[in-house]
Amino acid sequence: MLKNRLIQSLLLLILIPPAHAQEPEVFVQLGDSQMVKSVAFSPDGLLALSGSWDNTLKLWDVNSGREIRTFKGHSSSVFAVAFSNDGRLALSGSRDNTLKLWEVQSGREIRTFKGHSSYVFAVAFSNDGRLALSGSRDNTLKLWEVESGREIRTFKGHSSNVLAVAFSNDGLLALSGSLDKMLKLWDVESGREIRTFKGHSSFVFGVAFSNDGLLALSGSGSLYDDDNTLKLWDVNSGQEIRTFKGHSEIVQVVTFSNDGLLALSGSWDNTLKLWDVNSGREIRTLKGHSDSVLGVDFSPDGRQILSGSIDNTLKLWDVNSGREIRTFKGHSDDVQSVAFSPDGLLVLSGSGSASDENDNTLKLWAVDSGRLIRTFKGHSDDVNAVAYSPDGRLALSASDDKTLKLWAIDSGRLIRTFKGHSDDV
């Protein structure tokens, strides 16, 4: 089935054995498969955002599962999505090498950020919504000014694809994970590399800061290594605190709950796992997806979980019971990324595919009904990542078209395109 196609594609097209000098590529060409790659809650927990390999983002009503809106504009798969903290904006990253910023309420594409020379795998908003961060297959991170679309600086240091990025809550630090098996901590103001976290024996697919900025979480794995673990790190010292074991395949995505007591992971073994951060104990496994889980997010109140999968769906879960509450359907390709709006009323999703025949959009959804509100169109390739601005009025997207785009949530208007990456964002 699709999982077999995924593994075969990775083996044949992507993962070159370690003995070769060339670094492997990360993402998959699967023809007509329609993966949900990334997911995110709005800050109020009422909306969810997803990014897919159908090149779109979708916004969902969490309570009803209704698709609210589809965001179209990317010309290839959407790998990452994020809400601004106010829930008005969404950000997406795509295989079209761009990020896009979207207005959540309208689905309007506000802006495209161009500059990466290859796929945009990861995007993040700073808490104040002024800055955006992207990670790319061109081995760099880029820092962007959201209002103008200006590229502020490029962070160089990784020797291979940057697969994950995160801001600390105060916006002073950035964290990245890479195909080079390392995490790196950066000073945002200067672009200086502060430290490297070493310990994983395989690719680092996911990274996250705790809300207090004292801890970092990473997820790892590959097809020729049995790492498939999460690791907890002390940010100040770089020391590894503990390893979380339980997944049987690659850990694609990780995040903390707002109180920092729980960790959540999504894996190629088709499951999500909930962990006790202090003890490393596995609390429960969430089963329901029929293929790899590529995106996860906690609702702002910590009571619900959102996931996106290669099976083209988003799922909403109850944290306490592990019960599946609702499935969101609407993307025609893989959902690459999802994000809740800050008020939790909306969900933004980004989509796309390695195929060039898809719509490369973001979609905005109403959480309570599941209604599709709007589709954001503008990227010319996959949307890899999306994010909301803190006030929820703007959305930022990153794409394989080497740009970021800034969008107005209310209207769906494209405000600005950020150019500067020489590879996929």
**Q.** Translational D in µm²/s for region 284-348 (Stokes-Einstein at 20 °C, 1.002 mPa s, Kirkwood Rh from C-alpha pairs)
**A.** 180
Q. Residue-wise, which Karplus ³J(HN,Hα) couplings in Hz belong to region 204-211, taking 6.51 cos²θ - 1.76 cosθ + 1.60, θ = phi - 60°, and x for glycine or proline?
A. 9, 8, x, 9, 7, 8, 6, 4
Q | Cα pair distances of region 29-109 binned at 10 Å [whole percent] | A | 20, 56, 22, 2
Q: Would you work out which of A82, W407, S136 lies farthest towards the positive end of the dipole of the chain, given +1 charges on the beta-carbon of Lys and Arg and -1 on that of Asp and Glu, about the Cα centre?
A: W407
Q. Hey, which lysines would be in cross-link range of K231, C-alpha to C-alpha under 20 Å, not counting anything within fewer than 8 residues on its own chain?
A. K181, K184, K198, K245, K273
Q. With each pseudo-label sitting 7 Å past Cα toward Cβ, what's the N320-D226 distance in nm, one decimal?
A. 3.9
Q) Which label marks the calculated value of Rg and Dmax of the Cα atoms in Å, given the options (1) 17.6, 51; (2) 23.8, 78; (3) 29.2, 113? A) (1)
Q. What number, rounded to the nearest 500 deg cm²/dmol, is the helix-based mean residue ellipticity at 222 nm of the chain, given -39500 (n - 2.57) per DSSP H run of at least four residues and division by all its residues?
A. -500 deg cm²/dmol
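Coordinate-derived values only; no laboratory data. Being a predicted model, the structure only gives us computed values, none of them experimental. Neighbour counts are summed over all protein chains in view; Cβ atoms, including those assigned to glycine, are modelled from backbone coordinates with ideal geometry.
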